[in-house]
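The values are calculated or read from the model by the stated rules, or taken from the named source; none is laboratory data. Here the structure is a predicted model, which is why all the values come from computation and not from measurement. Using ideal geometry, Cβ is built from the backbone for each residue, glycine included, and neighbour counts are taken over all protein chains shown. What goes into the accessible areas is simple: the full protein's heavy atoms, side chains included, and nothing from ligands, DNA or RNA. Shrake-Rupley method; radii C 1.70, N 1.55, O 1.52, S 1.80 Å.
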Amino acid sequence: MYCEVIFFLSFKNSFTYAVPADLQDSIKFGVRVLAPFGKRTLTGLCVKTKITLSGIESEKVKEIFDVVDTSPILSKKDFELYEWMAEYYLCSTGEIIRNATPHGTDIQSIRRITSDTAFCSQLLLGEKASSTKGKILSILSERDNITLKQLQKMVKKKNLYGLLRTLQLEGAITIIDELSKAKVREKTQRYVKLKYSVEDVYNIIPEIERRSPKQVVVLLKMIEYRQAGISLKKLLDETKVNAGSVATLAKKGILALYQRSVERRYKETYENDIPDFTLTEEQSKLYDSVLSAIEQNTFKTFLLYGVTGSGKTFVYLELAKKVIAAGKSVLVMVPEISLTPQITSRFVHIFKDNVVVLHSRISPGERFDAWNKVVQGKAKIVIGARSALFAPLQNIGLIVVDEEHDASYKQNDTVPKYNARDAAVVKGKIYNAPVLLGSATPSIESMFNAQQGKYELLELRERVDDAQLPEIRLVNIVEEKKQKRMFNVFSKTMLDMIGDRLQKKEGTIILQNRRGFSTSVYCFDCGEIEMCENCSVALVHHINQHQLQCHYCGFTKPVPKQCSKCGSFSIKYFGTGTERVEDELSFYFPEASLHRVDSDAIAKKGSLGNILNNFRNGQIDILIGTQMVAKGLDFPRVTLVCVVSAETNLWMPDFRADERTFQLLTQVAGRAGRASAAGEVLIQTQNDKSPVLRKVIENDYMGFFNRELINRERLHYPPFVKICLIETKDLDEHKAKGAIAEIHAELVKNKRPLIITPPTTAILARLKNEYRYQILIKSPRTSDASGAIMRNAVMDAIKKFQGKSKFKDVRVIFDVDPQTLM
């Protein structure tokens with residue numbers, strides 16, 4: 001018997017292995033196996049079993065070592081989705097499936113090097129310190145035990161095998177292969193229960209009491225639990241005795257000690273009771289439209305365009321009730337963890353233990369147990385960020401993508417660079433389940449699809465409970481400065497309105513979409529800006545840690561006392577981040593309770609939920625934050641929203657800059673006036689004539705959409721073209737530049753109707769010490785609706801490049817449908 005295995009690597013093909021007789025009953029599609037791969041042992045996924053081989057000498061086929069799972073970890077429908085994602089996003093199926101397995105559960109071999117440090121020091125004397133061999137010997141003369149991966153990272157070179165083999169033959173090192181255990185496993189605890197009946201225990205207590213009163217204390221406590229078990233830890237805590245007394249009773253056969261699985265469950269700290277609600281006539285109409293598709297098991301994509309506060313979440317909840325009642329499952333996706341506290345609390349309030357949460361802030365153990373709970377069918381509702389797409393739900397009846405416009409659905413930092421929103425639509429098609437995309441500011445692409453009839457448009461034009469949309473005002477800070485009405489970063493108008501809300505005990509949200517205190521530090525005399533050592537970006541000043549930090553690679557350095565270039569003490573701080581907004585507000589309103597919400601402030605697990613609890617209860621007066629405060633928050637006490645700078649995103653050199661600005665400002669404005677009290681929004685800007693900002697204050701989404709659509713068509717951007725960004729990265733700038741030039745040369749040979757830009761330096765030319773060069777490819781949707789022509793052209797060019805280029809070891813990254821060109 002044989003099986004085909006896919007490894008979670010960049011290889012696009014599968015590999016054939018023989019199955020030993022003792023594993024043939026365990027092998028099946030969708031289970032993970034442990035198999036030899038080159039000189040390593042890796043965990044892979046069985047995607048096919050067969051009895052015979054064709055065209056391969058069976059005696060040369062290696063055997064798998066073990067089967068990891070007792071049941072499949074994914075279905076054939078999920079595998080169909082992952083194959084589509086691999087083909088569409090130009091990566092391997094294994095790289096996609098890697099996202100579908102709980103982090104830390106893989107088993108693989110680790111190559112470890114032990115060295116004779118004295119011998120290595122002796123060999124080092126005859127080598128150039130700058131050579132690769134010299135670098136290796138320098139490290140091994142100081143460390144007698146290191147993994148190959150660590151050594152490669154320190155030497156900054158991957159191909160060290162030849163040199164290491166030479167050193168092993170010389171007797172300087174020994175190379176050992178060892179298997180690593182899975183880092184995350186099922187958690188168990190020791191439990192105790194009575195083996196005797198309660199009556200028998202009472203009969204033996206007098207005899208035991210004479211010898212060991214502590215054992216009697218244990219027995220009396222166990223009588224309280226009767227035959228039910230209790231954790232050993234809890235028993236010892238409650239009785240204040242040591243484990244020896246319990247062990248003695250177990251030896252006598254009175255108690256039984258055993259292991260029990262314990263679920264590690266993520267508990268959201270945010271709490272919010274949901275009042276009884278009845279759908280409005282407008283909500284009921286669109287509810288019926290989606291319900292019809294659910295009941296008919298029909299795939300259909302709905303775009304729910306509902307103004308902020310129109311009750312989209314209530315529609316999701318009512319539809320989920322119907323799906324669960326029918327014995328099916330529901331996937332609810334949100335763009336960021338900042339949205340999970342409120343939406344999770346609402347679903348848990350109704351569906352209790354039937355809900356699991358998946359996002360980056362939960363621990364690996366919690367993720368493992370949540371994943372198992374879904375596999376076993378014990379949870380039918382999954383809520384989470386983009387990684388929730390890979391939850392092993394079966395019999396899916398509804399997929400909800402809330403805030404579908406959000407760029408966070410796109411994975412930008414690692415391969416595969418997939419868009420979870422678009423993949424969710426394909427998943428719905430595979431499962432014959434309706435997909436509901438919801439937003440108050442739909443993406444240009446989604447609204448275009450609705451106009452073209454690809455999606456069905458559903459609208460909610462009114463807020464619930466007769467709440468009115470807030471009044472939005474612009475304050476021109478250029479004019480305010482002339483009139484001496486600016487106090488640092490705040491206009492007099494904004495400070496007066498914040499003070500008014502504090503007197504009324506109403507809530508205020510302030511948006512500044514930049515972290516830190518100052519966005520850059522520079523020398524007033526020579527103009528030198530403090531830059532990151534690894535990236536071509538300015539360092540951000542964080543006043544709380546009194547350090548400068550790079551938000552791309554994490555590099556930090558102390559705040560300089562003088563210019564590093566000219567030695568001047570005229571150090572100036574430019575730009576405004578959330579820390580500065582918080583600091584200045586605490587000066588103007590010392591009695592107010594302020595709290596900041598950004599990735600720095602909510603790093604501790606559960607902190608976001610606690611902050612939101614306190615803000616809802618009135619213990620926090622003013623919530624200051626980045627875009628986290630712009631999404632999904634529903635607090636009736638908020639009557640004022642302030643935007644410190646409207647231009648934060650508007651000036652970005654990106655074709656989506658106007659769209660992002662309109663969405664962010666409209667979304668944050670929607671946090672105000674969500675109850676009977678009227679809401680106001682104040683936006684500070686340097687250009688109050690900006691057409692984007694005029695559409696925001698008019699609450700005119702369709703006007704903005706139509707204007708943006710004209711610009712996109714004129715400049716050849718989505719939704720009128722499919723685009724792919726090719727990027728080369730390398731520590732050596734010459735190699736990165738050479739590679740992109742060769743790839744471009746291969747692309748332009750293609751006669752297909754593609755628009756190919758010349759190679760350019762990326763806007764962020766260097767990140768994490770790697771130089772970046774890019775090519776943007778555009779393919780008109782009129783001739784290439786799915787982008788297949790573009791993707792084939794890219795892969796043809798890359799195949800030729802890798803076959804003959806001297807730069808083929810340069811890292812090449814593909815980004816299909818990129819959300820940003822930076």
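Students often get this wrong, so check it: of Lys285/Lys352; Lys39/Lys156; Lys149/Lys800; Lys156/Lys806; Lys321/Lys410; Lys572/Lys737, which have C-alpha atoms separated by over 25 Å?
Where the Cα-Cα span goes over 25 Å, the pairs concerned are Lys285/Lys352; Lys149/Lys800; Lys321/Lys410; Lys572/Lys737.
Fully extended, how many nm does the chain gain between Asn13 and Leu457 (0.36 nm per residue separation, minus their Cα-Cα distance)?
155.8 nm
Cα centroids of region 720-792 and region 1-64: how far apart, whole angstrom?
Rounded to whole Å, the Cα centres lie 36 Å apart.
State log₁₀ I(q)/I(0) for region 126-182 at q = 0.23, 0.28 Å⁻¹ as given by the Debye formula over alpha-carbon point scatterers of equal weight, solvent excluded.
With one equal scatterer per Cα and no solvent, log10 I(q)/I(0) is -0.99, -1.44.
Quick one: Debye curve from the alpha-carbon atoms of region 375-470 only, equal weights, vacuum; give me log10 I(q)/I(0) at q = 0.12, 0.19, 0.22 Å⁻¹ to two decimals.
Reported log10 I(q)/I(0), two decimals: -0.47, -1.02, -1.22.
Just to be sure I understand the curve: with the Debye formula and one point per C-alpha of region 635-788, what is log10 I(q)/I(0) at q = 0.10, 0.15, 0.19 Å⁻¹?
Rounded to two decimals, the profile gives -0.55, -0.92, -1.11.
How large is the translational diffusion coefficient of region 326-405 in µm² per second when you combine the Kirkwood radius over alpha carbon pairs with Stokes-Einstein at 4 °C and 1.567 mPa s?
It diffuses with D of about 104 µm²/s by this estimate.
Counting only other residues whose beta carbon sits under 13 Å from that of Lys312, what net charge do I get with K and R as +1, D and E as -1?
-3
Which whole number of Å³ per residue matches the convex hull of the alpha-carbon atoms in region 445-491?
For region 445-491, the hull spanned by Cα atoms encloses 154 Å³ per residue.
Apply 1/(1 + (r/R0)^6) to the Cβ-Cβ distance of Lys605 and Gln547, taking R0 = 35 Å, and write down the FRET efficiency to the nearest 0.05.
Efficiency computed from Cβ-Cβ geometry: 0.90.
Under 1.5 on a/c is rounded, so check that first for region 529-602, then, if it is not, pick prolate when a/b is larger than b/c and oblate when it is not; a ≥ b ≥ c are the square roots of the alpha carbon gyration tensor eigenvalues.
Because a/c hits 1.5 or more and a/b fails to exceed b/c, region 529-602 counts as oblate.
Using the Kirkwood radius over Cα pairs, work out the Stokes-Einstein diffusion coefficient for region 155-252 at 4 °C and 1.567 mPa s, in µm²/s as a whole number.
The diffusion coefficient I find is 72 µm²/s.
Any idea what diffusion coefficient region 201-346 gets from Stokes-Einstein, in µm²/s, Kirkwood Rh on alpha carbon pairs, 37 °C, 0.692 mPa s?
The diffusion coefficient I find is 158 µm²/s.
Considering the options Leu291, Gly94, Ala420, tell which one lies farthest towards the positive end of the dipole of the chain, charges being +1 on Lys and Arg and -1 on Asp and Glu at the Cβ, about the Cα centre.
The residue sitting most towards the positive pole is Gly94.
Which value, in debye to the nearest 20, describes the size of the charge dipole of the chain about its Cα centre when Lys and Arg Cβ atoms bear +1, Asp and Glu Cβ atoms bear -1, and nothing else is charged?
Dipole of the chain, to the nearest 20 debye: 2080 debye.
What is region 487-552's relative contact order, in percent, from Cα pairs under 8 angstrom and six or more apart in sequence?
Relative contact order here is 21 percent.
For region 285-363, give the percent of accessible area contributed by carbon and sulfur heavy atoms, probe 1.4 Å, rounded to a whole number.
49
Ignoring any ligand, DNA or RNA, what whole percent of the accessible area of region 376-439 comes from carbon and sulfur when the probe is 1.4 angstrom?
44
Between Glu199 and Phe524, 0.36 nm times their residue separation minus their Cα-Cα distance comes to what?
Fully extending the segment from Glu199 to Phe524 adds 108.3 nm.
Probe of 1.4 angstrom, ligands and nucleic acids ignored: what's the accessible area per residue over region 485-620, in square angstrom?
I get 48 Å² per residue for region 485-620.
Give the accessible surface of region 352-478 per residue, rounded to a whole number of Å², with probe radius 1.4 Å and ligands, DNA and RNA excluded.
34
Rounded to a whole number, what % of the accessible area of region 630-719 do carbon and sulfur atoms account for, probe 1.4 Å?
54
Just want to confirm a number: the relative contact order over the chain, from Cα pairs under 8 angstrom separated by 6+ residues, in percent.
Computed value for the chain: 10 percent relative contact order.
Go through Leu236, Pro818, Met790 and say which Cα lies farthest out towards the positive end of the charge dipole of the chain; charges sit on Cβ, +1 for Lys and Arg, -1 for Asp and Glu.
Checked the options; the winner is Leu236.
Per residue, how large is the accessible surface of region 665-822? Use a 1.4 angstrom probe and give square angstrom.
44
Please report how far the C-alpha centroid of region 491-564 lies from that of region 103-175, rounded to the nearest whole angstrom.
Using only Cα atoms, the two centres lie 43 Å from each other.
Report the rotationally averaged projected area of the chain based on its alpha-carbon convex hull, in square nanometres.
45.8
Rank Ile726, Met702, Ile743 by how far each Cα sits towards the positive end of the charge dipole of region 697-746 (+1 on Lys, Arg Cβ; -1 on Asp, Glu Cβ) and give me just the farthest.
The residue sitting farthest along the positive end of the dipole is Met702.
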